[in-house]
Structures are given as structure tokens and as C-alpha cells.
Amino acid sequence: MVASQDLGTEFGSQYPRHGLSLLYWFCHEYISFDNNNEMKPNRDPQDGAYGFHYYGNNEDLLDSLSDHQGYAYYTVGNLLANVNSPDNERLPDYVFRYFRTSRYLYVWDQNNRDRIIVRRTPWGNIDRVYITQHYTRGTCSSTYDPDNTFRISRELIEDIHSTPRNWYFQYFGIYRYN
């Protein structure tokens, strides 16, 4: 498994960031692999469950979809969008853990920056996955930081998918801030 610092990113790696927990949820609980080894979401991102919403790629952060009819980008990870969602459409508590404990600390611009962007095919599969983050508040607008946007390999998704949560969280030190 690859640590976030090995990827050259700070994605979810320091308190109160939630990206590594979000990535675990995505790979382990949201994605499955069908008989053709295609990545299948447990809910279609265009339905809006878990806070997924359409991402227009207006700043050309990702590849253009102009030659890919029926493809679309969707993003997930905005914890504020999840707070009032029904239980069956909300991200799990372990993704919210640091967000809740840091809401009133002077880290509010850090506790909700991490996102995952997926590319949905016309057949409802997910064929590309990216991790990204918003710029820190005051540095720029709320757009995503291109220097901290990375495509996640299928192999890494499969590794995380088959990794028990306690081992993954221990490996990344996610519970060191109890």
C-alpha cells in the first residue's frame, strides 16, 4: 500500500483531514467489481447519495469529456452536504470523525478540503478515480488544487478494497488523535 506522502500529496494525511478515511470508504464500501472486473458503484453517483454531485470540470482540472459522449464527472467528500442526509445516503461516521471533533477549533478550513472525483461511464460504471483537495481558504477560491490532484490506480483501489479497515487505519495512523 502507498502512503499519501509517497503519492506526493497531503491528501487526508494530517488532523483534521478526512481524505484517507473517505478513500477507504470509497474503495472498500462504495466500489465493487463485477464478473467483467468493472468497477461498479453501490449507488449511482448521479442520484446524489453520500453527497455525490456533478462536477463540470470548468477549470479543466481533468481530461475533457467532449469526445466521451455520456461520460460525466462526479465529486464526493463535502461533509457539510452530508450532515442532514438520510442515514442510508450519508457517509459513515468514521469519515466524519475528525470533522466533528475539529468544528470549533482553528482548523475549520482544513477539516473539509478533501474530495474524490469519479468518471462515470454511460453504462454506470466508474472507470477513473481521482483524489483532490480545495485550496486553503484565503489562498484562492474554492476550486480544486491541480498540484494536489492525482488519478488513483485501479491496483491501489483493489488493494484498499481488500484491506481490513483496522489494518488500513493503523497503517496510516488515522486513529492516533483519539
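Bear in mind these aren't lab numbers, they're just calculated from the coordinates by the rules spelled out. The structure displayed is predicted, hence computed values, not measured ones. Virtual Cβ from ideal backbone geometry, glycine too; neighbours counted across all protein chains shown.
Taking a Cβ cut-off of under 9 Å around Y130, the surrounding Lys, Arg, Asp and Glu residues balance to a net charge of +4, with basic ones at +1 and acidic ones at -1. Other residues whose C-beta falls under 11 angstrom from the C-beta of M39 contribute a net charge of +1, scoring Lys and Arg +1 and Asp and Glu -1. The simple spin-label model puts a point 7 Å past each Cα toward its Cβ; for S85 and D127 those points are separated by 2.5 nm.
Taking 0.36 nm per residue of separation and subtracting the current Cα-Cα distance, fully stretching the chain between F150 and E59 would add 31.2 nm.
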